[in-house]
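Novice: What follows is a single structure, and I will ask about it in a moment.
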Amino acid sequence: MIKHYFKVAFRNLWKYKKQTLISVVGLAVGFACFAMASLWIRYETTFDSSLKNSGRMYRLYNGERKRFPRPFGEFLKTTFPETVNSSAIFTHSGTTRIDDEIVSPMRVLTVDSSFVSMFNVKLVEGSMDFTIPGIRKAAITRNRARQLFGNESPVGKIINNSNAVNGRLDYTICAVVEEPSEHSNYPFDILLGFNFTGWDYPGDEHIIIELGASVDVKTFRKKIGKQIILDWLKSDGSAPRFEDMSLIPLTAVYYKDPETECNVKFQHIIIFVIAGSLLILCTLFNYLSLFIARFKIRQKELALRVVFGASNKSLFTLLSVEFLISLFAALLLGVFFMQAAGSAFRETSGIKMDLSAIYFESSAYTAGIVLISLLAFITTLAIFRRRRLSASIHQRNSKLFRKASIVVQLIISIGFMFCTTIVLKQMHHLHNTDLGFKFDNSGSVFIWNPIDVNALHDKIKQIPEITETVAGYLPWIPDVAIYRTDMDIVEWDGRSGNASLVKMRLLYVSEQFLSFYGIKSVEGELLNGTDDENQVLINETAAKALGWNRSAGKSFKSTFGQYRVKGVIQNICNRSPTVPVEATAYCLRPASDRDIAPAVLFKYRKGAWKSCRDKIAEITGTAYPKAEYPTYDFEIRNSEYEYDEFLKSENTLLWLLSLISLVCVTVC
């Protein structure tokens, strides 16, 4: 009998092969999209979830400030009994060397002793002396030790690490530790101890705290509010301000932290899941609608089966087998789609899992959708069965379900097309809007070691493909966060007595720098070489924050001194265009300030980027063994490429929505 059911089912599916094909392909795409997106969300929301007390661990934030001086975590631990433990973590961007040779990119963290217990660092060999501040010792993971030293013990070996804060220092390996989970906010190859103590450290750490099991986070947040923090800060005038304190769960840091580099934003992944779900819904309604239509067409066939003794149960089984075959075919095709898109999916999502693990977990999500689809089908059949299937054959079937399903499909399809159009318009705007400065055909060389920037600038300027250069100033793309200076505006023209402070960034510029980026004033005049260091330009956001309609000539007082506004410039969108522009002031670098930015900016002839990059690499030693600066670290970046990276998430979302819209409209 089962063989008969399958034979009849295959005949009917082949008879309506075009409808079957569209339904199966639509369901398969929906299954694949939903399964991969669900896996993606679970992956991003479970970082560090394997830690013993991850549910009680939080990272501290203070408004726009994400990093803190190292002692602040200890202050919370000793002052508030709710804080069980705290750890300060400094993430590095630099280069690691052994015997003066650069080794493959290393993930380096500077940590304190609490990190070892909070993040379950297990010792394999040696001692944990690297956690003692100021002794310059390091721990290395077992796999990295084998890659670099083979079977020889790495304990006692010397490694060199360089970064923008510490400079270039030697460390002695004192420990081999187990590899951390790759599914962590803080993976590492090497652990270093802090070289600074107290408030002398620049204050660039991530502070992680662990709360007690019964602590209410909201209540604790209020307890460490503004007034308590400010009272404590009065005892140390050098300490920074903490006002808008917030605590983000450690397992949520990966997708909530704006500093985390990701290809696709978390909210866009949510949209991807919803899109996959709607596609499944659209395709399922389509299939059920076609099924009922075929049910009417097959009335005579089903009536004959009843005449020859077929029961409701046998007819129910026959139709169920037909649906299950379609569903199974969609499932297999969905797995094929996941296989075909596996590499691209891992690259786009950043998921560090084997393809086999991705297939296994995705199959679990797909199985859930299959069960829901089967339940919907059984429910539809049950509606007909309530009046006895044989009676339904001889009565005129209502078209209500078919009409409703068509309306649902049309609404979903039109919704997809509308959303895709909106995203397309947004992308066109982001690619063509005025960002307040010109960065086409421009790049930068960022230097991680202190060298004579002007000497390097002179050599780069001689490259024939380069048309313009500026030395000693940071590029606006990419925005180098570690060189931002924040200040509070405490007094200004027109300020009311009870007005709150205005937070503002302060950046150094020069007349040549402003010309390099094609900056024009919207009010007043630009800075020039004859202006003193107390004259500034402000952007439109700063003028609005100060409540000024006319800003030129007005003054304000900050925590750094008194300033007079010479002009207002357009907002500079040098970060992702979806991120609000901060209030910013621009001034000339004081003559006494020797701390020039370790960077050279340059413009090149259109179409000459590759040649220009290769020649700079040859000078700096970035890509060649023989160079004029073989022991220094450089990053050569293209501003246009960096800006395109800002829009990677929007571009990916647009591509996914376009694909799903095409499938949805085709099915409908």
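The values are calculated or read from the model by the stated rules, or taken from the named source; none is laboratory data. Note that the coordinates shown come from a computational prediction; the quantities given were computed from them, not determined experimentally. So basically every Cβ, Gly included, is an ideal-geometry build from the backbone, and we count neighbours across all protein chains shown. All accessible areas refer to the heavy atoms of the entire protein, side chains included, with ligands and DNA or RNA removed. Shrake-Rupley method; radii C 1.70, N 1.55, O 1.52, S 1.80 Å.
Novice: Going from most exposed to least, what order do Glu125, Glu645, Glu205 have by accessible area with a 1.4 Å probe?
Specialist: Values: Glu125 75, Glu645 100, Glu205 0 Å².
Sorted by accessible area, descending: Glu645, Glu125, Glu205.
Novice: How charged is the neighbourhood of Asp216? Take every other residue with its Cβ under 12 Å from the Cβ of Asp216, and add Lys/Arg as +1 and Asp/Glu as -1. Each step should come with its number before you reach the end.
Specialist: Values: positive: Arg56, Lys218, Arg221, Lys222, Lys223; negative: Glu82.
In short, +4.
Novice: Past the 20 Å Cα-Cα mark, which pairs from Lys503/Lys544; Lys222/Lys503; Lys77/Lys256; Lys77/Lys218; Lys520/Lys648; Lys520/Lys544?
Specialist: Values: Lys503/Lys544 12 Å; Lys222/Lys503 22 Å; Lys77/Lys256 24 Å; Lys77/Lys218 17 Å; Lys520/Lys648 29 Å; Lys520/Lys544 18 Å.
Beyond 20 Å: Lys222/Lys503; Lys77/Lys256; Lys520/Lys648.
Novice: Give the calculated FRET efficiency between Leu501 and Ile132 to the nearest 0.05, with a Förster radius of 35 Å applied to their Cβ-Cβ distance.
Specialist: Calculated value: 0.35.
Novice: Distance in nm between label sites at Lys256 and Leu169, each 7 Å beyond Cα in the beta-carbon direction?
Specialist: Label-label distance for Lys256 and Leu169, simple model: 3.2 nm.
Novice: Same structure, new question: How much length is gained if the chain between Ser181 and Ala367 is pulled fully straight, taking 0.36 nm per residue apart and subtracting their Cα-Cα distance, in nm to one decimal? Numbers along the way, then the final one.
Specialist: On the way: separation 186, 0.36 × 186 = 66.96 nm, distance 2.81 nm.
Once the chain is fully extended between Ser181 and Ala367, it gains 64.1 nm.
Novice: Could you work out how much longer the chain between Leu410 and Glu645 gets when fully extended? Use 0.36 nm per residue separation minus the Cα distance between them, nm to one decimal. Walk me through the numbers before you get to the answer.
Specialist: On the way: separation 235, 0.36 × 235 = 84.60 nm, distance 3.49 nm.
Fully extending the segment from Leu410 to Glu645 adds 81.1 nm.
Novice: Would you mind computing, in nm to one decimal, how far apart the modelled labels at Asn53 and Asp488 are, each placed 7 Å from Cα along Cα→Cβ?
Specialist: 3.2
Novice: For Ala617 paired with Val84, estimate the spin-label separation in nm (one decimal), with each label point 7 Å from Cα along the Cα-to-Cβ line.
Specialist: Distance between the two pseudo-spin positions: 5.0 nm.
Novice: Next up: What does the extension gain come out to for Glu347 and Phe10, with contour length at 0.36 nm per residue minus their alpha carbon separation? Please report the intermediate quantities before stating the final value.
Specialist: Working: separation 337, 0.36 × 337 = 121.32 nm, distance 3.91 nm.
Separation in residues times 0.36 nm, less the Cα-Cα distance, equals 117.4 nm.
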